[in-house]
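The structure appears right after this line, and notes come after that.
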């Protein structure tokens, strides 16, 4: 597809440029001395900073222990080469593996906790690593550090010369940067960004939130290890005081300065922050103070970092070229309403402390039908939807989907079975474009399409279906409210759902928009889509519903075809309250 | 002769310092949602202010104490205006980074101005301490413990008994609604910046006779105090105090009975253990299930 | 005219939520603002209270322009807002929650405040009994009563009530509305936002219907009630068949 | 937009010019490079080193310079960190106009630049006392302080032979200096047939050392030996020892006698013995330097300004001998120096570049340092 191709072309262009830069730098780099040291420091740090881009920029998890992983990688190389006589690249691989595994374990144990807790645990981990490096004399050589770390040779080629080794570091850096750029455009990268922007919505789009976070953590740690391993070779001497909490802060600042969402931002930030103290040397004692002030200024005045500023200025999103795509295949395979029960909930209950938000509700959704769930505000409609999609743990009762008991499944596994939903308070992925939002939906595990081009095509078809193709390239936050609802619906549709759950799709829409929404629902109904819909607009409900379940105070008070349900006396009482017309 | 009582005394003394600094942390988290990584620098600045007043201006001890604590409070407001106010709508991480930047700025400004040599700051009492039974009670530890407990009691009275305290609690629990009720939210938040810096400064002044006045004070107390906060329960006032005392005691006993070099690790091992077993901390507020 | 709103436009990042609203409340009136979810009812109240950053138009309260003023300052002019979802302070007791309602008034002594708290609590059945318990332990109805009581402590010239019936059992809803009429009888002015149109119109002197950020209709409750559009929008065929 | 881009580039390149090119000086001075910690935990010693070097340079210049040329100091901040050291050192080397470089007293920092020293082609003076620093086969390294093999020997011999103590408590920092010093001391004690009753490492910057003090007290040791680098740790330890009534003789490494420690700890350090490579009363040269330094900076100097002072003077001596600043010739001239009387002692560089071996035993007598005697251990 056009976009994929153009993305790839741009990537290749960047890559080619990068390699040219590497060669150019390696050619002009001095064989030793100040400039070489500066460049090596920048190159190896930048690899570790790319890890922060992945974990914080893409996945939104704060990590304050990148220097610990840098250190672990460096010590693996140092101990491997110096004490065990292993070849450099073997030691480097061990370093990457150790940090990758370390990151995974740290992630597995802590990532279920909330934001600032992760920050705190990572600080703790950082301090413990520093302490172990300092005190485990027998293994790490203690505070003396390890000197005489050799640089590698490969296939008989000596890579230990300053410029050649710098070239090697830059090649790694180039590869890491390319990897980071591509990661952002990959399925995994989109999943990470979805988790960052809205983890609930991500989970109901089929993203395994926890696993995605752990992977991001592991990648980040491994990149820290890679940077550290190369750092050890670059300076041939390492000691524990190079990998302290302060260094973690510096690495984090590098990422934020450059622009934590961008691989190139990380690069830019690293170069600047390696250079900044050097440029400020003329201030002598005061330069670290100025550095601190600069950090504040950067955060206040450059919220998206330097690269973000450049992007905002010079890279306006361009409309995509029109491409013909096949119309969205909407369940033509199943066709007409049938007696098959798609979703069956039995004696479902959800209590919050003493509050019975949902109380012994039964509901049966048949294939191809539009099933409305209505009731006054606070009657438990959204809670039921949350229980069905797995966001809330069931207190009692059972949820069956396609004949399978899914009561105990997490949200992403339910999505995998073909359950897609929208939210009352719109949950789109704000940091991503309209198209990327919908692609996340199309990438639902268990969808009948896979592969970059097919998912892209499916996403475009879904956008065609809701009429938002023209704005596919825009950041989703730039769209008006009503259109964001359509983005959510397109995201759900792109996942080819077996059942579509819509929570107040008409809320906040004006009359015209409501009419359009009704049209859209009608079209979906015509395609045989199974839909559960919550809405307050009775006109909308009357136009589309085949079956209505009415709730009040968490209990089902009526269930049946629209006519029956809406004329039920309890329903009228619930909706109109006791008539007080005499009082008025 | 058992070392235990002596170690407990020392542990409580050190723990009281962590608790005081931690209290400043907690209040900022609760009122403004600011995780202040420069809290340790408040202590350092307080100690330097005290030193300058005592040594350069020859101000009597207690007047110098009051003046430096008040100056620290004013500094806290300036700090809030610079590091928090422009970023207040941008979430937690940017504020964290800006307070880290402020910490670097403060530490190195002091270093560039007053030089690196540690200085001696006299304590509250002239005597070095008293022997009770076979426990030697360092006079400075005694004054720290007393101050910490007086502050604790005072804070309890202010927070639980006065209307202002209730307003502060309300602000921390729901800032928007507090504003709706006409509670001067912004004033209160900056009031907390004032108090939290003053508290940090006071902790610095009290700890400086033990640790000496140097820029290094900041890092000694800050991270432990932060850990205390998490162990006690993020944003919980009793949690900050109990967490601080716990860390002080555990690391002192740990150093005595397990290993001295790993002393600094105990707080963080405890921290990770608490987070794994009881993520909301010992006194953490009930985590509501309903999102 | 106590409250006068002209051409009020409010926008969140997603776009306009209010598109030029004109609305007024006279002293001693209960005015109901009804409309479906997402129509902009709460946003209207939040704009009046200064909680929405991006607003234009004009709002005057007691003749004084208040658009752009700080939330706290508006509250101190005598405007109390009981927000949607009650928004009690969960870690404070019922008594303290109510007490803090007086935060907008200056120069009231502590003992005077405590006396007033007792008086206000007397208006509500059973509230005295709950004085010492933490707010988060209350049921929805109890919370709503505490929220209204807290609003009354402000001695407001105008009380903004956002969805007081939300999630309450019919019995409780009626109790809440009885209290609203009671408040009116004590001379307070109320701007009431409700989805429960029938209930709201039953206590109101006038009503406005808001739809997707624009005012559709306004008038006396009977007029609105008899308007086919309102009936259709809220009840679909329901009212017709009832 | 175009202007702003250009201005950004302008600012960046201006910054690059200021930072990278550095101020230009007249070419006829002889330049001595020096890395010192201006920031970070080592900034205390950095200041003293700066003052020591400055004093030497001022004296030489006041006396008309050397070979008719003035001497100029070029200082770079090593931030008390290893990466900072690496950059500071390479900045100095990159200038290409230096005669010699005075590097760090911190052994770990010297380690960090050991490869760069080899490649620099300049004589590099170091103050780090870790013995291995001069044993890496690098002919460019010159140490202006006796290394810790000698200091640990002196401590062990003085304690065991002069004080006649057998139950030793050895307390050392966990940093590079403390750890290696502690290890060497234990080896030296072993050679004398003594096993310490307690050996304990402590981290820098502790808020409290009660557990260590109690452990020393409970161990029944009758003599205490310490290798602790930082003055505030020394002072805190001293004070807590006194508080808990631990009054056994204490023989410490140099920082125990430093003015800062004595200022911080006051009476708590009275009576302590220190092995110091520098003492004002150890020689006339030392006395003269101490007086001059005190006049200039109102501080009684310790080894930190002294070794730097010596390094400058040794450089001048070598320049005088070779009649120029050719690094290779300077290096050979330095290796040839025999019996040069400096403030730290009498320099005779061996093949490793170690110039000194003698240590002074001094005692803190009511806050003043009393010179006891100089011990030159047999190797």
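Please compute the length gained on full extension between residue A:395 and residue A:109, using 0.36 nm multiplied by the number of residues separating them and subtracting their Cα-Cα distance.
Working: separation 286, 0.36 × 286 = 102.96 nm, distance 2.63 nm.
This chain segment gains 100.3 nm when fully extended.
I want to make sure I understand the PRE zone here: with the label point 7 angstrom from the Cα of residue A:136 toward its beta carbon, which residues in segment A:215-244 have backbone N atoms less than 20 Å away?
Only A:218, A:221-233, A:237-244 pass the distance filter.
Hey, got the Cα dimensions of segment D:253-379 along the principal axes, in Å, largest first?
Rounded to whole Å, the extents work out to 50, 37, 21 Å.
For chain A, what proportion of DSSP beta bridges, expressed in % and rounded to the nearest 5, is antiparallel?
Details: 25 of 40 bridges.
Given both bridge residues lie in chain A, the antiparallel proportion sits at roughly 60 percent.
How do C:137, D:325 rank when sorted from fewest to most other Cβ atoms within 10 Å of their own Cβ?
Least crowded to most crowded, the residues run C:137, D:325.
Over the Cα atoms, compute the radius of gyration (one decimal) and Dmax (the largest Cα-Cα distance, rounded to a whole number) for segment B:4-215, in Å.
Cα radius of gyration and Dmax of segment B:4-215 are 18.0, 58 Å respectively.
Report the Stokes-Einstein translational diffusion coefficient (µm² s⁻¹, integer) for segment A:232-306, Rh taken as the Kirkwood radius over Cα pairs, at 4 °C with viscosity 1.567 mPa s. If you can, show how the numbers build up before the last one.
On the way: Rh = 13.2 Å.
Translational D for this selection: 98 µm²/s.
Obtain the radius of gyration and the Kirkwood radius of segment A:4-245 from its C-alpha atoms and give Rg over Rh.
On the way: Rg = 18.3 Å, Rh = 18.4 Å.
Taking Rh as the inverse mean 1/r over Cα pairs, Rg/Rh reads 0.99.
Determine, from the Cβ-Cβ distance of residue D:351 and residue D:326 and an R0 of 25 Å, the FRET efficiency 1/(1 + (r/R0)^6), rounded to the nearest 0.05. Working shown, then result.
Values: r = 21 Å, r/R0 = 0.84.
It comes out at approximately 0.75.
Given 20 °C and 1.002 mPa s, how large is the Stokes-Einstein diffusion coefficient of segment A:329-583 in µm²/s, with Rh as the Kirkwood radius over Cα pairs?
Details: Rh = 18.6 Å.
Answer from the Stokes-Einstein relation: 115 µm²/s.
So for the protein assembly as shown, Kirkwood radius off the Cα pairs, Stokes-Einstein at 10 °C and 1.306 mPa s: how many µm² s⁻¹? Can you show the working numbers first?
Numbers: Rh = 35.9 Å.
Approximately 44 µm²/s, per Stokes-Einstein.
Kindly state, to the nearest 0.05, the FRET efficiency for residue B:149 paired with residue D:187, given R0 = 45 Å and r defined as their beta-carbon distance.
Details: r = 49 Å, r/R0 = 1.09.
Efficiency computed from Cβ-Cβ geometry: 0.40.
Please work out the C-alpha center-to-center distance from segment D:53-97 to segment B:126-195 and express it in whole Å.
Taking the Cα centre of each part, segment D:53-97 and segment B:126-195 sit 52 Å apart.
Please tell me the relative contact order of chain A in percent, rounded to the nearest whole number, where contacts are Cα pairs under 8 Å and at least six residues apart.
Values: 1121 pairs, mean separation 95.5, N = 584.
The value is 16 percent.
At 7 Å along Cα-to-Cβ for each site, give me the label-to-label distance between residue A:340 and residue D:67 in nm.
Taking the simple label geometry, residue A:340 and residue D:67 are separated by 9.6 nm.
Divide by every residue of chain A the summed helix terms, -39500 (n - 2.57) for each DSSP H run of at least 4, and state the resulting mean residue ellipticity at 222 nm, rounded to the nearest 500 deg cm²/dmol.
Working: 23 runs with 320 residues, N = 584.
After summing the helix terms and dividing by the residues of chain A, the value is -17500 deg cm²/dmol.
So for B:146, D:144, A:420, fewest C-beta neighbours within 10 Å to most, what's the order?
Least to most surrounded, the residues fall as B:146, A:420, D:144.
Let's test this: bin the Cα-Cα distances of segment A:372-498 at 10 Å from zero up to the farthest pair and state each bin's percent.
It works out to 13, 39, 33, 14, 1, in whole percents.
Of all beta bridges DSSP finds with both residues in segment C:3-234, what is the antiparallel percent, to the nearest 5? List each step's numbers first, then the result.
Values: 22 of 41 bridges.
In segment C:3-234, approximately 55 percent of DSSP beta bridges are antiparallel ones.
7 Å from Cα along Cα→Cβ at both residue A:454 and residue A:83: what's the point-to-point distance in nm?
Those two pseudo-labels are separated by 5.0 nm.
Taking only the C-alpha atoms, wrap a convex hull around segment C:28-77 and report its volume per residue in Å³ as a whole number. Could the numbers behind the result be given before it?
Numbers: hull volume 4.8 nm³, N = 50.
Spread over its residues, the Cα hull of segment C:28-77 gives 95 Å³ apiece.
How big is Rg to Rh over segment C:3-234, alpha-carbon atoms, Rh as the Kirkwood inverse-mean-distance radius?
Details: Rg = 17.2 Å, Rh = 17.9 Å.
In segment C:3-234, Rg relative to Rh is 0.96.
Taking the DSSP beta bridges in the protein assembly as shown as the whole, what percent of them are antiparallel, to the nearest 5?
On the way: 67 of 133 bridges.
Bridges in the protein assembly as shown that DSSP calls antiparallel: roughly 50 percent.
Just the ratio, please: alpha-carbon radius of gyration of chain D over 2.2 N^0.38 Å, N its number of residues.
Numbers: Rg = 21.8 Å, N = 379, 2.2 N^0.38 = 21.0 Å.
Computed over Cα atoms of chain D, the ratio equals 1.04.
Mind sorting C:155, B:167 by how few other Cβ atoms lie within 10 Å of their own Cβ, fewest first?
C:155, B:167
Just how far, in whole angstrom, is segment A:451-517 from segment D:134-205 if you go by their alpha carbon centroids?
The two parts, judged by their Cα centres, are 74 Å apart.
Rg (Å, one decimal) plus Dmax (Å, integer) for the alpha carbons of chain A?
Considering chain A through its Cα atoms, Rg and Dmax are 28.2, 99 Å.
So, in Å, what gap is there between the alpha-carbon centers of segment A:173-222 and segment D:248-289?
Distance between centres, Cα-based: 59 Å.
To the nearest 0.05, what FRET efficiency results for residue D:300 and residue A:309 with a Förster distance of 45 Å applied to their C-beta separation? Mind dumping the intermediate values first?
Working: r = 54 Å, r/R0 = 1.21.
Efficiency at R0 = 45 Å is approximately 0.25.
Once you place label points 7 Å from the Cα toward the Cβ at residue D:119 and residue B:160, how far apart are they in nm?
6.6
Read-outs: derived from the displayed coordinates by stated rules, not from any lab. This structure is a prediction, so every number in the text was calculated from the model and none was measured. Ideal geometry is used to build each Cβ from the backbone, glycine not excepted, and the neighbour counts take in all protein chains shown.
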